[in-house]
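Accompanying notes for the structure given below.
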Amino acid sequence: PYARLSNILQYVTRSGWSNDVEGDLGKAVELAEKAVALDEQNPNLHWVLGRAVARIPKPGMLKQGIESMKRAIELDPDFADAYAFLGQLYAGDGRPEDGFRSVATAMRMNPRYPFWYLFVRGSNHLVAEDYEKAIVDYEGALDRSPTAQFLRWLLAAAYVEVGRQEDAEWQVEELMSMGFTGNIRTITETQPLQHPPFLKRYRAALRKAGFPE
């Protein structure tokens, strides 16, 4: 339950539903740490902790998230989801080649992978500035999970980068119609994608797509 509540708080912050983003992210980390302390040998709890700490936009936190995810894999070498999310953390650290290898391992382990594996691969393409491939992955993920809001803001940014301005603006409109109340701050400060050169481009693309500051 501590780990589940941590996941819920992470989702609340990135969806724009939190009145205290920093406080709720901090609480998510505390809950995940408590879960790990109760059962250090449970790989799922390290997976949750890795997801939580990597969302804190402070120096060293992303690295800590990577180590937590590696610990989950150490405890369960067949943990495909851990390999997949490790790929997202590598993207966030500006290491897309490592990210591609990690998510490819996850897809090989779990051939019937969930939609978000495509999201991870797309994020690595986005960081690598291969926007057309990012769009293919994000659109594929969105086809399988149309209500996953985070796919739409990433896709909007990718559309901006290839000059598809109207498509980007439409994604913003779709998000607003789904009840999204976040902004550029909540999008960029609640995610593992923290590599500084990427963040500068990403914020500019989100702004051009029409997201509020």
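Please work out the average accessible area per residue across the chain, using the 1.4 Å probe convention, and give it in Å². Let's see the in-between values first.
Numbers: 9700 Å² over 213 residues.
Counting only protein heavy atoms, the per-residue value for the chain is 46 Å².
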Q. Using Cα atoms only, what is the angle between the long axis of helix 2-14 and the major principal axis of the chain, expressed in degrees (0 to 90) to the nearest 10?
A. 20
Q: Name the aspartates and glutamates eligible as straight-distance cross-link partners of residue 58: C-alpha to C-alpha under 12 Å, and not fewer than 8 places from it in the same chain.
A: 22, 189
Q.
If I build a Gaussian network model for the chain, linking alpha-carbon pairs within less than 10 angstrom, which residue out of 145, 102, 177 has the largest mean-square fluctuation?
A. 177
Q: Could you give me the radius of gyration and the Dmax of the chain, taking only the C-alpha atoms into account and expressing both in angstrom?
A: 16.2, 50
Q: For the chain, set up a Gaussian network in which alpha carbons nearer than 10 Å are linked by springs, and say which option among 133, 27, 200 fluctuates the most.
A: 200
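Once every DSSP H run of n ≥ 4 in the chain is given -39500 (n - 2.57) and the sum is divided by its residues, what mean residue ellipticity at 222 nm do you get, rounded to the nearest 500 deg cm²/dmol? Spell out each step's value before the answer.
Working: 12 runs with 156 residues, N = 213.
Counting only the DSSP helices, I get -23000 deg cm²/dmol.
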Q. Picking from 140, 23, 92, which is most flexible by a Gaussian network model of the chain using Cα springs under 10 Å?
A. 23
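How long are the three semi-axes of the equivalent ellipsoid of region 1-96, in whole Å, if each is the root of 5 times an eigenvalue of the C-alpha gyration tensor, listed from largest down?
Each semi-axis is the square root of five times an eigenvalue, giving 20, 16, 11 Å.
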Q) Taking Cα pairs under 8 Å and at least six residues apart, what relative contact order does the chain come out at, in percent? A) 20
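Could you work out how much longer the chain between residue 27 and residue 5 gets when fully extended? Use 0.36 nm per residue separation minus the Cα distance between them, nm to one decimal.
Details: separation 22, 0.36 × 22 = 7.92 nm, distance 0.94 nm.
Full extension of this stretch gives 7.0 nm more.
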Q: On the protein heavy atoms, probe 1.4 angstrom, tell me the percent of accessible surface of the chain carried by carbon and sulfur.
A: 51
Q) If you wrap a convex hull around the Cα atoms of region 1-47, how much volume per residue is inside, in Å³? A) 56
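Would you mind checking 133/208; 34/63; 70/133; 63/133 for any pair whose Cα atoms are more than 22 angstrom apart?
Values: 133/208 20 Å; 34/63 20 Å; 70/133 27 Å; 63/133 26 Å.
Check vs 22 Å cut-off fails for 70/133; 63/133.
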Q: Using only Cα atoms, tell me the angle between helix 131-144 and the longest principal axis of the chain; keep it within 0 to 90° and round to the nearest 10.
A: 70
Q) How far, in degrees from 0 to 90, does helix 80-92 lean away from the longest principal axis of the Cα atoms of the chain, to the nearest 10? A) 50
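The values are calculated or read from the model by the stated rules, or taken from the named source; none is laboratory data. Keep in mind the model is a prediction, meaning the values are calculated, not measured. Accessible surface areas use protein heavy atoms only, side chains included; no ligands, DNA or RNA. Shrake-Rupley method; radii C 1.70, N 1.55, O 1.52, S 1.80 Å.
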